[in-house]
Amino acid sequence: MGIVLGIESSCDETAAALVTTDRRIVAQRIASQDESHAPYGGVVPEIAARAHAERLAPMIEAVMDEAGLSLAELDAIAATAGPGLIGGVMVGLVSAKALAMAGDVPLIAVNHLEGHALSPRLADPDLEFPYALLLVSGGHCQILRVEGVGHYRRLATTIDDALGEAFDKTAKILGLGFPGGPAVERLAHEGDPRAVPLPRPLVDSGEPHFSFAGLKSAVLRAKESGQHRDADLAASFQQAALDCVLDRLRVALDAMEPVPALVVAGGVAANQTIREALERFASERGMRFVAPPMALCTDNAAMIAWAGCERLGQSDPLDIAARPRWPL
Ligand code: KG4
Ligand code: ZN
């Protein structure tokens, strides 16, 4: 059995976790910066980087203390090396390098998207490769065929906004604050999803990718018309977004070699309406549906530590660079 320290700092969550190769999260700490960014209606990179720099080291110390471990007892230190906001990624990666050097422990530079892609296997020991992954968060919107560690086939990405970003922008239009996804979902419960006619960008096109910019603009125009209740706007937006997701999934699944399971990850996986629709969709196609617990869906360090567990035995050089962009 091995144990890996994971570090995550690519967006607005600062996190450290210790995870074992037999899928035990031994200790973890996570701090969200929502309050610091809320006044700006989105994540401010400079504020995020400074917050990571202040918070990360005490968090690492806390998980190590809780587990009663010294650096030399770790089998690896895994840190997000990209993609993400570069200042934050550098804070986490440089911390990991320093600790790896101090403890003479292998460094594993993890692609944040790989962390999301493999995290369902931390929660579910029965989930074997290959599987289809819908990764929908504030920064990512992709459909992948996860074929093995380091083997990902991307079938769709977004040509403009990510799905979570579309939720956040809709929330802003409706004056609901940041992050907007949960607020839009709550308001949508009180609305009629068929009340406001909204576009479903790219639905029924041969194009495999996502696009949400046109939907967001339509929400803005509908709001400005003053003809609709906010709850109807929220519900209609959510329905349109969901219709897009299901249509894109259909296209992607038809284009890939069949897989037994559909997995959803990323912050938008917290949305109950979307989750339930995905579950129905999967069962109609005879697929198993896997949605990891929410704490593993949103950004966290356990998924980075787990990616390190999956890659145990490998190591990266101490001069490896942080990468703002890093497609899987
Ligand atoms: O995975 P995550 O925590 O961070 C990123 O990597 O982006 O995802 C955050 C995103 C935000 O855009 C947030 O609005 C969205 O996930 N989100 C939701 C819900 N909860 C979070 N979107 C829709 N419905 C929700 N219930
Ligand atoms: Zn993420």
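The table that follows gives values for the structure above.
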read-out	value
Answer residue from segment 10-28, given it is part of a strand (DSSP E or B) and away from ligand 1 (no atom under 16 Å from the Cβ) and is nearest to Thr298 (Cα to Cα) among those	Ala16
So Ala79, is it buried (at least 16 other Cβ atoms within 10 Å of the Cβ), within 16 Å of ligand 2 (Cβ to nearest atom) and either of a type outside the set (Val, Ile, Thr) or under 18 Å from Ala98 (Cβ atoms) (or both)	yes
Flag if Thr158 is within 10 Å of ligand 1 (Cβ to nearest atom) and touching a residue at least 40 places away in the same chain (Cβ under 8 Å)	no
Test: residue in segment 203-214 that is more than 16 Å from ligand 2 (Cβ to nearest atom), assigned to a helix (DSSP H, G or I) and at pLDDT 95 or above	yes
Restricting segment 1-21 to residues that are over 18 Å from Ile108 (Cβ atoms) and among the acidic types (Asp, Glu), the residue that is modelled with the highest pLDDT	Glu13
Any chance Leu253 is at pLDDT 95 or above, within 21 Å of the chain's Cα centre (by Cα) and either crowded, with 20+ Cβ neighbours inside 10 Å or more than 13 Å from ligand 1 (Cβ to nearest atom) (or both)	yes
Ala100 at pLDDT 95 or above, over 17 Å from Val263 (Cα atoms) and surrounded by fewer than 24 Cβ atoms within 10 Å (Cβ to Cβ)	yes
Members of segment 263-303 that are more than 15 Å from Ser119 (Cβ to Cβ), of a type outside the set (D, E, K, R) and more than 13 Å from ligand 1 (Cβ to nearest atom)	Phe281, Ala282, Ser283, Gly286, Met287, Phe289
Unmet criterion (only one of (1) part of a loop (DSSP other than H, G, I, E, B); (2) among the charged types (D, E, K, R); (3) within 25 Å of Pro324 (Cβ to Cβ)) for Glu46	(1)
Residue list for segment 262-296, restricted to those being modelled with pLDDT under 95 and of a type in the set (Gly, Ala, Ser)	Ala265, Gly266, Gly267, Ala269, Ala270, Ala291, Ala295
Lone qualifier among Ile77, Ile7 - being assigned to a strand (DSSP E or B), touching a helix residue (DSSP H, G or I) at 6+ places or on another chain (Cβ under 6 Å), under 30 Å from Lys169 (Cα atoms) and in the same structural domain as Ile304 (by TED's automatic domain parsing)	Ile7
Segment 102-127 - residue that is among the charged types (D, E, K, R) and at negative phi and, of those, farthest from ligand 2 (Cβ to nearest atom)	Asp126
Those residues of segment 140-154 which are of a type outside the set (D, E, K, R), buried (at least 20 other Cβ atoms within 10 Å of the Cβ) and more than 8 Å from ligand 1 (Cβ to nearest atom), in sequence order	Cys141, Gln142, Ile143, Leu144, Val146, Tyr152
Within segment 123-162, strands (runs of 3 or more DSSP E) holding 1 or more residues that are among the β-branched types (Val, Ile, Thr)	131-136, 141-148
Selection from segment 174-190 of residues that are more than 8 Å from ligand 1 (Cβ to nearest atom) and crowded, with 22+ Cβ neighbours inside 10 Å	Leu187, Ala188
Complete set of residues in segment 167-184 that are within 16 Å of ligand 2 (Cβ to nearest atom) and either assigned to a loop (DSSP other than H, G, I, E, B) or not charged (D, E, K, R) (or both)	Phe167, Pro179, Gly181
Long-range neighbours under 9 Å by Cβ, at least six apart or interchain, first residue farther than 17 Å from Ala102 by Cα within segment 52-69, second modelled with pLDDT of 95 or more and of a type in the set (Asp, Glu)	Ala67/Glu73
Subset of segment 277-307 (residues that are under 23 Å from Cys11 (Cβ atoms) and among the acidic types (Asp, Glu))	Asp299
Pairs, first on the phi < 0 side of the Ramachandran plot in segment 295-319, second polar (S, T, N, Q) and not in a loop (DSSP other than H, G, I, E, B), C-beta under 7 Å, six or more apart	Leu296/Ser119; Ala301/Gln28; Ala302/Gln28; Met303/Ser119; Ile304/Thr80; Trp306/Ser119
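The values are calculated or read from the model by the stated rules, or taken from the named source; none is laboratory data. This is a predicted model, so every value here is computed, not measured. Quick reminder, even Gly has a Cβ in these numbers, built from the backbone with ideal geometry, and neighbours come from all protein chains shown.
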